[in-house]
Amino acid sequence: MWSRDFGLFFTARAVAKLGDTMLPVALAAGLLQHGYGAGAVGLAMAASVACFAGLVIFGGVFADRFSTRLLMIGADLVRLVSQALAAVFFFSGHVVLWEICVIGAVNGAASAIFQPGVASTVPRLAADVQAANGAIRVAESAAQLAGPALAGLLVAFSSPGGVFAAHAATYGLSALCLILLKLPPAAPGTQARISGFRADLVEGWREFRSRTWLWGVIAIWCVYMIAVWGPTVPLVATLVIQEHGPRAYGLVNSALGAGTVVGGLIALRLRPRHMLRAGAIALFAFAAFPASVGAQLGVEAMSAGAAIAGAGMSFWGVMWATSVQTQVPPDVLNRIHAYDVAGSLAMMPVGQALAGPAAQLVGAERVLLSAGVTTLLVAAALLAVPAIRGLVRADTSLPRTGANLAVPREPSPPGPAQRLSGRDGRPRADSGSGGPAG
């Protein structure tokens, strides 16, 4: 697994995650400093996620038709420019909400081009897909451990503009790693796309909806996005910063990162036969994060809740990502992953946009306590669906050309809902976006 090229991809994902985990601190502290409230923070975050969720399906088609590496490099360069512009605005004191939202939208559009290629890159670089996902998760988690704390220090001793400048630099370093990366040849039997763009979209949708366990998770995840993840990100940031300051928020987010490191390490060791069942059980732990903040516990208790939540979410993310990458044939993986990501995140901007009004209506604390209860219900719902809890892992590999690599073999259908072709698919593993992959 630890080839030069996997090491470059590993580094690219880690440094990009470092910057992404700094962004909530910069947005919350910067907008609050300029007189905006929780609603503005939620809208700024929602602008990026909405563009990402709306365009990622098209990014999946592009990734199946063109070079995923070049698409990812271009996306990183666009995000470098957009975040550098945000840094200029915050350094100069010229902070207008709609301009920050536009920058977020551009950032989200670039992410929509970048993300689909991640799904197919991991199995091309490593034969042991679960171990590769676990290692990347640990790296991203370590970055999440350091990112918020670093952002808090930059805000305290410099300004939010310094955080945006650092964020832009991480995209530059990620692009450099990807420029140096050499992907092995495509999987044997993978054909170049000769059909039209619309036909590719239709084929991807047909493959997506043929898998009950896949669209079942996404349907349940829509509830999670609206009631849990969407409001948790802006409301936790706002409450902790207002009550305890940016450094405390950095500490809480660093604890979340520490927990995800633990979850990633556990995922490196455990090899459950029913991966989604094990992941759903671990997901119960995420309730500790919004509930501890909503209950107005001390910084130490909130940090402990965040660490427990991070471990559960991280383990779920590895199980989910590996299921997709090992059960979907390479020629449709990017598109199915894109449909998965789009479905996972479609409701997230709704949850973020509603966070402010809901907090004003019933109080931010009650919204977060409700998010904790909903997390328990979501995990229980995942276990209640036979196609989800009964999905059997399928990660045996066929030998591949070049550098002792391997690609996933098409598994036998685990249930009657799957197609006779034996293809079976599932969503994303990356980061940070808040979807089923965590």
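Observations
- Any chance residue 226 is among the β-branched types (Val, Ile, Thr), part of a helix (DSSP H, G or I) and more than 18 Å from residue 288 (Cβ to Cβ): yes
- Some residue of region 93-107 being open to solvent by 40 Å² or more (accessible area, probe 1.4 Å) and charged (D, E, K, R): no
- Taking the numbered list (1) open to solvent by less than 10 Å² (accessible area, probe 1.4 Å); (2) over 19 Å from the mean Cα position of the chain (by Cα) in turn, residue 42 passes all entries but (2).
- Count - residues of region 228-269 that are among the hydrophobic types (A, V, I, L, M, F, W, C), open to solvent by 10 Å² or more (accessible area, probe 1.4 Å) and within 17 Å of the chain's Cα centre (by Cα): 5
- Evaluation of residue 292 against (1) more than 22 Å from the chain's Cα centre (by Cα); (2) part of a helix (DSSP H, G or I); (3) surrounded by fewer than 23 Cβ atoms within 10 Å (Cβ to Cβ) (one fails), failing number: (3)
- Residue in region 270-283 that is open to solvent by 10 Å² or more (accessible area, probe 1.4 Å), among the small types (Gly, Ala, Ser) and part of a helix (DSSP H, G or I) present: yes
- Test: residue 120 is open to solvent by 10 Å² or more (accessible area, probe 1.4 Å), on the phi < 0 side of the Ramachandran plot, at pLDDT below 85 and among the hydroxyl-bearing types (Ser, Thr, Tyr): yes
- Checked against (1) within 21 Å of residue 129 (Cβ to Cβ); (2) modelled with pLDDT of 85 or more, residue 290 meets all criteria but (1).
- Residues in region 27-39 that are open to solvent by less than 10 Å² (accessible area, probe 1.4 Å) and within 22 Å of the chain's Cα centre (by Cα): 28 only.
- Only one of the numbered conditions (1) at pLDDT 85 or above; (2) of a type outside the set (Gly, Ala, Ser); (3) surrounded by 21 or more Cβ atoms within 10 Å (Cβ to Cβ) is not met by residue 8, and that is (3).
Condition check ((1) under 24 Å from residue 208 (Cα atoms); (2) open to solvent by 10 Å² or more (accessible area, probe 1.4 Å); (3) assigned to a helix (DSSP H, G or I); (4) not polar (S, T, N, Q)) across all residues:
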position	(1), (2), (3), (4)
324	yes, no, yes, yes
333	yes, no, yes, yes
352	no, no, yes, no
367	no, yes, yes, yes
382	yes, no, yes, yes
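- Region 125-155 - residue that is crowded, with 24+ Cβ neighbours inside 10 Å and among the charged types (D, E, K, R) and, of those, modelled with the lowest pLDDT: 140
The values are calculated or read from the model by the stated rules, or taken from the named source; none is laboratory data. All values derive from a computational prediction rather than experimental measurement. For neighbour counting, all protein chains shown are included, and Cβ atoms are generated from backbone atoms with ideal geometry for every residue, glycine included. Heads up: the accessible areas ignore ligands, DNA and RNA and are worked out on the full protein's heavy atoms, side chains in. Shrake-Rupley method; radii C 1.70, N 1.55, O 1.52, S 1.80 Å.
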